[in-house]
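Asker: Before we start, here is the structure in question, set down as structure tokens.
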Amino acid sequence: MRIAMFSTKPYDRRSFDAVNEGMGHEILYLEPRLAPLTAPLAAGAEAVCVFVNDDLSAAVLERLAADGTRLVLLRCAGFNNVDLAAAERLGMKVARVPAYSPHAVAEFTIGLILSLVRGIHRAHQRTRDGNFALEGLLGFDLHGKTVGVLGTGKIGAIVARILASGFGCRVLAHDVRPDPELMAIGVTYAAPREIAAQADILTLHCPLTPETHHVVRAETLALAKSGMVLVNTSRGALIDTDAVIDALKSGRLGGLAIDVYEQEADLFFEDLSNKILNDDVIARLLTFPNVLVTGHQAFFTAEAIGAIAEVTLGNASTIAAGGALGAAEVALPARAVAHG
Ligand code: NAD
């Protein structure tokens, strides 16, 4: 199959080339993001391969379909950036990678929590500058603290297990489908309001859907326990960033760690260190001593990117052979809530 791959980085190319040796697809590696202006680059390709910040709005899909594309290969799990109704109308299949390494994201989440509450990232900067003082680095024990986990699917469940069984935290969770196995290890399901009121740390692991858009906003933050630490490794738009900035300024939020950001599409995955940062919201966030930002890195392990290449190209091979994708690999509107 001829595949036009957008938003390609050197590490994508390495992992896809390695897997493709045994598959023989013709992959056209493209650096730009898929957008209305770049869609014509895919002309003649039966499939486009895309990532989290590519634009698969109706206008882009129409252009792709007119140029012969019949398949969208998402090399990620979430598909909030795809107009699935337009894809269906145009007869385009949309395949995804339902799970590549939930451990990668869960472990990174724990790393963010530890780094933020113990000031590890700040200590690293200080000691390299010869500053070995502890003032300003006072943290708190995780043991015995209450952690709210919103969304206990593949990633959230691992996070909940590590926190409950590893650190001895009290875990309060919320999910539209509670997990009996988590309840068996002492995780308690509760309403979001109750979680907000009690959690010392709140970590987000639900997909971005119309129901979860800005699930953390001014009203939620007004209910939050004073000093709560907020962590988001799911999707940026789960958080109303302006409201979060207000809560950081007032001290209601005690800290914020994010691997995702609502307006990340123009920033993340690029080296902008020699450019002017035009996003005033992220610029403000980066001024807080109690804010830790990473650039959508939680998935980025050797295991995960290998699995992404295998499943993505496996999806292409299945379609090329006239087969049917596995149920979990198909991105369907009805699945948006359940699987992200
Ligand atoms: P999953 O589908 O296994 O789990 C999502 C869970 O959220 C499900 O249990 C679902 O029932 C629940 N949910 C859905 N709507 C909800 C709601 N309104 N309230 C509460 N819970 C709700 O997905 P996953 O593999 O655990 O991934 C979770 C999210 O992590 C994905 O949607 C994706 O956006 C994000 N993600 C981020 C990275 C990264 O690198 N930062 C990598 C992979 C995935």
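The values are calculated or read from the model by the stated rules, or taken from the named source; none is laboratory data. The structure presented is a predicted model; accordingly, all values stated were derived computationally and were not measured. All Cβ positions, even for glycine, are placed from backbone atoms using ideal geometry, and neighbour counts span all protein chains on display.
Asker: Only one of ARG284, ARG252, ARG235 is of a type outside the set (A, V, I, L, M), closer than 22 Å to THR152 by Cβ and touching a residue at least 24 places away in the same chain (Cβ under 8 Å); which? Before the answer, list the steps.
Answerer: On the way: ARG284 fails: closer than 22 Å to THR152 by Cβ; ARG252 fails: closer than 22 Å to THR152 by Cβ.
The match here is ARG235.
Asker: Okay, next question. Which is under 19 Å from the mean Cα position of the chain (by Cα) and either in a helix (DSSP H, G or I) or surrounded by fewer than 16 Cβ atoms within 10 Å (Cβ to Cβ) (or both), of GLU107, GLU62? Even if it seems obvious, please write down each step before you answer.
Answerer: Numbers: GLU62 fails: under 19 Å from the mean Cα position of the chain (by Cα).
Answer to the selection: GLU107.
Asker: Now a separate question. Let me spell it out: the conditions are (1) surrounded by 13 or more Cβ atoms within 10 Å (Cβ to Cβ); (2) away from the ligand (no atom under 16 Å from the Cβ), and THR287 meets all of them except one. Which number is the exception?
Answerer: (1)
Asker: Here's a follow-up. Can you find, within segment 290-340, the residue that is farthest from the ligand (Cβ to nearest atom) among those that are modelled with pLDDT under 90 and crowded, with 16+ Cβ neighbours inside 10 Å?
Answerer: The residue in question is ALA331.
Asker: Take the residues in segment 41-58 that are touching a helix residue (DSSP H, G or I) at 6+ places or on another chain (Cβ under 7 Å) and at pLDDT 95 or above, then tell me which one is farthest from THR233 (Cα to Cα). So that I can check it myself, show each step before the final result.
Answerer: Filtering segment 41-58 down to residues touching a helix residue (DSSP H, G or I) at 6+ places or on another chain (Cβ under 7 Å) leaves 42, 47-49, 53, 58.
From the residues that got through so far, the ones that are at pLDDT 95 or above too are 42, 47-49, 58.
Numbers: ALA42: 31, ALA47: 29, VAL48: 26, CYS49: 23, ALA58: 27 Å.
Checked segment 41-58; the qualifying residue farthest from THR233 (Cα to Cα) is ALA42.
Asker: If the requirement is being over 25 Å from ALA104 (Cβ atoms), of a type in the set (S, T, N, Q) and either in contact with a helix residue (DSSP H, G or I) (Cβ under 7 Å, 6 or more places away or on another chain) or not in a loop (DSSP other than H, G, I, E, B) (or both), which of these qualifies: THR212, THR220, THR203, THR287?
Answerer: On the way: THR212 fails: over 25 Å from ALA104 (Cβ atoms); THR203 fails: over 25 Å from ALA104 (Cβ atoms); THR287 fails: either in contact with a helix residue (DSSP H, G or I) (Cβ under 7 Å, 6 or more places away or on another chain) or not in a loop (DSSP other than H, G, I, E, B) (or both).
After ruling out the rest, the residue left standing is THR220.
Asker: Against the condition surrounded by fewer than 22 Cβ atoms within 10 Å (Cβ to Cβ), of a type in the set (A, V, I, L, M, F, W, C) and more than 21 Å from ASP12 (Cβ to Cβ), how does ALA99 come out, does it pass? Working first, answer last.
Answerer: Working: surrounded by fewer than 22 Cβ atoms within 10 Å (Cβ to Cβ): yes; of a type in the set (A, V, I, L, M, F, W, C): yes; more than 21 Å from ASP12 (Cβ to Cβ): no.
For ALA99, the condition - surrounded by fewer than 22 Cβ atoms within 10 Å (Cβ to Cβ), of a type in the set (A, V, I, L, M, F, W, C) and more than 21 Å from ASP12 (Cβ to Cβ) - is not met.
Asker: Scan segment 194-217 and report the pairs whose first residue is in contact (Cβ under 8 Å) with a residue 40 or more places away in the chain and under 20 Å from VAL159 (Cα atoms) and whose second residue is in a loop (DSSP other than H, G, I, E, B) and more than 10 Å from the ligand (Cβ to nearest atom), with Cβ atoms within less than 7 Å and a gap of 6+ or a chain change.
Answerer: ALA196/ALA224; GLN198/LYS225; ALA199/LYS225; ASP200/LYS145; ASP200/LYS225; ILE201/LYS145
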